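Contents: one structure, followed by commentary.
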Amino acid sequence: MTPIQPTAARPPPLASTGSTAYIGLGANLGDAPAALRSAVQAIAALPATRVLRWSALYRSAPVDAAGPDYHNAVVAVQTALTPHGLLAALQAIEAAAGRERPYRNAPRTLDLDILLFGGQVLDTPALTVPHPRLRERAFVLLPLAEIAPEHVHPAWLAAVQDQHIERLPAAWCEAV
């Protein structure tokens, strides 16, 4: 497995052409930080995919749902997978982590969302990119702004400033 580099380090691009994608990670059941670390390891092991950097870990209350607080982060990857290929791979990682979908916004062992994929705009039954609620959620915007500020408009951050979110100080991903 290719070692994952911390946010400050940026490894060289993949030899093959690929796109930079940003993936939102979240979990609020079990050991959420461990689930997110495992997810980053699994993402790093995907074919033709390299994790470039990741945000700090954040904690926030569920949005439009009940349950324990979520832990969230965003990772940037370079991948030669197609958007739908990446989605299928992420859904397989979720399933391996015990993700169930009993109802909308149910608590989760792991949630992986494609936020952005290169400069592509997609609207299919299976996948919408950019993520349709990207601009509405502090738990996505703050970590994304940390690693890719060029993709976050200041007005979006202003619109979510009343949502409670806490940046956790401890490193969470250097060991993967």
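Some points to look at:
- Flag if residue 46 is aliphatic (A, V, I, L, M), in contact with a Phe, Trp or Tyr (Cβ under 9 Å, 6 or more places away or on another chain) and at pLDDT 95 or above: no
- Qualifying residue in region 102-111 (condition: closer than 21 Å to residue 144 by Cα, in contact with a strand residue (DSSP E or B) (Cβ under 8 Å, 6 or more places away or on another chain) and at pLDDT 85 or above): yes
- Selected residue (only one of 172, 156 is more than 24 Å from residue 93 (Cα to Cα), among the aromatic types (Phe, Trp, Tyr) and out of contact with any Ser or Thr (no Cβ under 8 Å at 6 or more places or on another chain)): 156
- When residue 131 is tested against the conditions (1) in contact (Cβ under 8 Å) with a residue 24 or more places away in the chain; (2) surrounded by 13 or more Cβ atoms within 10 Å (Cβ to Cβ); (3) more than 29 Å from residue 30 (Cβ to Cβ), the lone failure is (3).
- Contact map, region 151-176: first residue farther than 18 Å from residue 115 by Cβ and of a type outside the set (Asp, Glu), second residue modelled with pLDDT of 85 or more and in a helix (DSSP H, G or I), Cβ cut-off under 6 Å, separation 6 or more or different chains; pairs are 172/33; 176/37; 176/40; 176/41.
- Of everything listed in (1) in contact with a Ser or Thr (Cβ under 8 Å, 6 or more places away or on another chain); (2) in a loop (DSSP other than H, G, I, E, B), the single unmet condition for residue 125 is (1).
- Evaluating residue 45 against the criteria (1) surrounded by fewer than 18 Cβ atoms within 10 Å (Cβ to Cβ); (2) in contact with a Cys (Cβ under 6 Å, 6 or more places away or on another chain) leaves one unmet condition, (2).
The values are calculated or read from the model by the stated rules, or taken from the named source; none is laboratory data. Just so it is clear, the structure is predicted and the values come from calculations on it, not from any experiment. With ideal geometry, Cβ positions are generated from the backbone for all residues, glycine too; neighbour counts draw on all protein chains shown.
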